[in-house]
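The values are calculated or read from the model by the stated rules, or taken from the named source; none is laboratory data. Since the model is a prediction, treat every value here as computed from it, not as a measurement. No Cβ is skipped: glycine too gets one built from the backbone with ideal geometry, and neighbour counts run over all protein chains shown. Remember, those area values only see protein heavy atoms, side chains included, never the ligands or the DNA or RNA. Shrake-Rupley method; radii C 1.70, N 1.55, O 1.52, S 1.80 Å.
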Amino acid sequence: MMTKELTAVEELVWERLSMIPDPEIPVITIVELGVVRDVQWDGETLKIFITPTYTGCPAMQLFVAEIQAAMHDQGFDKLEVIHVYSPSWTTDWLSVEAKEKLRKYGIAPPVLKTSEMNPFEEVGNIPCPRCGSENTNLKSQFGATACKSLHTCNDCHEPFEYFKHF
Amino acid sequence: MNNQAALFQYLLQLGDTNLIIGHRLSEMCSRGPMLEEDIALTNFALDHIGQAEVLLHFAGNVENNGRSEDDLSYRRDAEDFMNLKLVEQPNTDFAFVIGRQFLLDVYQCLLYQKLSKSTNDELAGMAARFLKESIYHQRHSAAWIERLGQGTNESLGRMQHALNQLWPYTAEMFVDNPAWANLIESGVVPSATELKKEWYERVSKVLTLSGLNMPKASAEDDSLNQSIYLEQLLAEMQYLPRTYPDAKW
């Protein structure tokens, strides 16, 4: 999101957007996730710029519907939700606090910066979000949602999901 | 061909390749060899169809003739599709699905890496996102190549057979369309021939590690025609929107 002086009404919009949880991972909001990029006024029309996480993520339609509902509740009826693709969404935008919320929820937070992603290199073991052990196995790179992979911990013997660095 | 028309064609080629492989993979839904793999292949399909949606939407804007991504997907005939012929090849068996995917994934990783540095910001932003998706695809398909190659004689034989059959269709990945010369020169898109060396190195590394042989290329590989498979695929994919135009649900 862009850093600029916010007007009182823009602050209200951001505050309201910050109350919308991710539909699949309710412990973090769509603002924490970095999906909301900017809020602007074009005359009477409120423009909210969002960026998709994964290109084919089905949650995007839900994001738009939730944003529309929340803004409608605030009385902002002239609304446009606009998709932007550059810069590309990355898990690097997740704050330390958001990552800790994920871990407490039982989802291992992203461990690598995407700038460190090498196409043809393997990723090391992902630490278990419950016991912290690094003695873990990858079960599958693809889980219940596009953004998570499946792992098991060899020490506490629990399965867990990893929010893939992306 | 002016630059606008060339970019439209280039985006169609990228979008069509993703659309067709996405549809092929969707045919695997509920047919994976195990639950995790079923979920993985469906995730792949979702990523590719998502990429197709974004690319064809962009293509429609560039063409500026009022065609949406749906129009481009559902209201064109086989002869107008520009996808790589590799991706229309059918899901003969699981080795074919994995082999086709791996050959494509390595190519898309390298292509998107270069495209993410495009002088066209919009294209660069899209490619940066697609690249990360392709990295995860490639890791997954490479792991399967290794597993099947080092599995039983049956899995090794089937994997090698699939690669041999698919190999002729890989030549097309590295042919530059003369219509895109200006786009390449102005840094909007990379030259396809430049991808070949790295692609070959990566593919040969994984195949060697897996006990598989690199198939032999033939001089005829450059001139393969579109297969009957694309028409069959489109007949199914386009059936609903063509039979009930503008249907909504």
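So the values come out like this:
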read-out	value
Output for the stretch B:142-169, where each listed residue is hydroxyl-bearing (Ser, Thr, Tyr) and either open to solvent by 40 Å² or more (accessible area, probe 1.4 Å) or at pLDDT below 95 (or both)	B:Thr152, B:Tyr169
Counted residues, the stretch A:27-40 - those being out of contact with any Ser or Thr (no Cβ under 8 Å at 6 or more places or on another chain) and either in a strand (DSSP E or B) or open to solvent by 40 Å² or more (accessible area, probe 1.4 Å) (or both)	5
Where A:Trp89 falls short, out of the listed (1) touching a Ser or Thr at 6+ places or on another chain (Cβ under 9 Å); (2) in a loop (DSSP other than H, G, I, E, B); (3) more than 14 Å from chain B (Cβ to nearest Cβ)	(3)
Candidates B:Leu35, B:Leu25 - the one that is more than 8 Å from chain A (Cβ to nearest Cβ) and at pLDDT below 95	B:Leu35
Qualifying residue in the stretch B:82-96 (condition: crowded, with 18+ Cβ neighbours inside 10 Å and within 12 Å of chain A (Cβ to nearest Cβ))	no
Among the candidates B:Asp47, B:Asp70, residue that is more than 14 Å from every other protein chain (Cβ to nearest Cβ), on the phi < 0 side of the Ramachandran plot and either crowded, with 18+ Cβ neighbours inside 10 Å or in contact with a Pro (Cβ under 8 Å, 6 or more places away or on another chain) (or both)	B:Asp70
In the stretch A:98-118, the residues that are open to solvent by 80 Å² or more (accessible area, probe 1.4 Å) and either free of Cβ contacts under 8 Å to residues at least 60 places away in the same chain or within 20 Å of B:Glu133 (Cβ to Cβ) (or both)	A:Arg103, A:Lys113, A:Ser115, A:Glu116
Filter pass, B:Tyr107 being more than 8 Å from chain A (Cβ to nearest Cβ), in a helix (DSSP H, G or I), open to solvent by less than 10 Å² (accessible area, probe 1.4 Å) and of a type in the set (Phe, Trp, Tyr)	no
Members of the stretch A:49-70 found to be out of contact with any Asp or Glu (no Cβ under 8 Å at 6 or more places or on another chain) and either among the hydrophobic types (A, V, I, L, M, F, W, C) or in contact (Cβ under 8 Å) with a residue 40 or more places away in the chain (or both), listed by number	A:Ile50, A:Thr53, A:Cys57, A:Met60, A:Leu62, A:Phe63, A:Val64, A:Ala65, A:Glu66, A:Ile67, A:Ala69, A:Ala70
In the stretch A:145-164, the residues that are of a type in the set (D, E, K, R) and within 21 Å of A:Ile28 (Cα to Cα)	A:Lys148, A:Glu161, A:Lys164
Condition check for A:Ile126: among the hydrophobic types (A, V, I, L, M, F, W, C), away from chain B (no Cβ under 14 Å) and under 21 Å from B:Arg139 (Cβ atoms)	no
